[in-house]
1. Rounded, prolate or oblate, given the Cα gyration tensor of region 64-175, with a/c below 1.5 counting as rounded?
2. By per-residue mean of other Cβ atoms within 10 Å, what is the highest-first order of 81-87, 98-104?
3. Would you mind computing, in nm to one decimal, how far apart the modelled labels at ALA66 and ILE192 are, each placed 7 Å from Cα along Cα→Cβ?
4. State the percentage of accessible surface on region 46-194 attributable to carbon and sulfur atoms; use a 1.4 Å probe and exclude ligands, DNA and RNA.
5. Can you compute the FRET efficiency between ALA177 and LEU33 using 1/(1 + (r/R0)^6), with r the Cβ-Cβ distance and R0 = 41 Å? Round to the nearest 0.05.
6. Whole-Hz ³J(HN,Hα) for each residue in region 107-115, computed from phi via Karplus 6.51 cos²θ - 1.76 cosθ + 1.60 with θ = phi - 60°, x for glycine and proline: what do you get?
7. If R₀ is 35 angstrom, what is the calculated FRET efficiency for the pair ARG143 and ALA90, using the beta carbon separation as r and rounding to 0.05?
8. Per residue, how many Å² of accessible area does region 67-196 show with a 1.4 Å probe?
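The values are calculated or read from the model by the stated rules, or taken from the named source; none is laboratory data. If you're wondering where the values come from, they're calculated on a predicted model, not measured in any experiment. Here the Cβ positions follow ideal geometry from the backbone for every residue, glycine too, while neighbour counts run over all protein chains shown. We work out accessible area using only protein heavy atoms, side chains counted, and drop any ligands, DNA or RNA first. Shrake-Rupley method; radii C 1.70, N 1.55, O 1.52, S 1.80 Å.
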Amino acid sequence: MRDKLDLDPARDDRIQPVDQRGRQLARAEQQILWQERRLRHLMRETKCVVWHCFVEDVDGALNWTAVQRDDSELDRFLPLSILPGQDYHAAWERSVFQEDRAEMNRTAHQAIHGGRSEYAQDYRCIDRDGMVRWLHEDVAIERVAEGQWTVHGILTDVTEQKNTHELQRALAERERAMEKLLQAEEERSQLIEQLM
């Protein structure tokens, strides 16, 4: 009876590795989903968001096109006033301080055309509630063809840190001014004594 074909899948050495591989793939997919949820939670807690763009040099100017953008995620991170017929990117461009936008363009242009693989910058924008928000941007650049790049960035809200730094700087300046005032008052008192 041994020459009969045994169709029992549990005993077939060829099927078991396939089943085992399927279980490994299912576990790997679960692991990826768990890591993705964990990363999203971490990004919300650290007040940051990831963006991707395709960049093309068109007659010396950089043309940026968003890739796989989730505007709802960006809007949770940085709520903006979006005008009718406008997308999130256009609202973001409108919200960035004009002088910061000029510096951002210059920095990106120099980094991309200079062959650098990364750059970082800080800039200000105004959110939907009219609050000034400071954002820090870490950007990675990958050249894909002549005059074409993929650019990935992580935006982090650093408003609290900037405000704390500005407050510390203002307090230090106030302290220096008070020291100068006290010194001037002491010199004035000495002059009055001399005149008396």
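1. oblate
2. Working: 81-87: 10.9, 98-104: 13.1.
Packing order, densest peptide first, comes out as 98-104, 81-87.
3. Label at ALA66, label at ILE192, 6.5 nm between them.
4. Numbers: 5050 of 9780 Å².
Here carbon and sulfur together make up 52 percent of the probe-accessible area.
5. Numbers: r = 57 Å, r/R0 = 1.39.
For R0 = 41 Å, the calculated efficiency reads 0.10.
6. 4, 5, 4, 5, 5, 5, 6, x, x
7. Details: r = 27 Å, r/R0 = 0.77.
Working from the Cβ atoms, E equals 0.85.
8. Numbers: 8960 Å² over 130 residues.
That works out to 69 Å² per residue.
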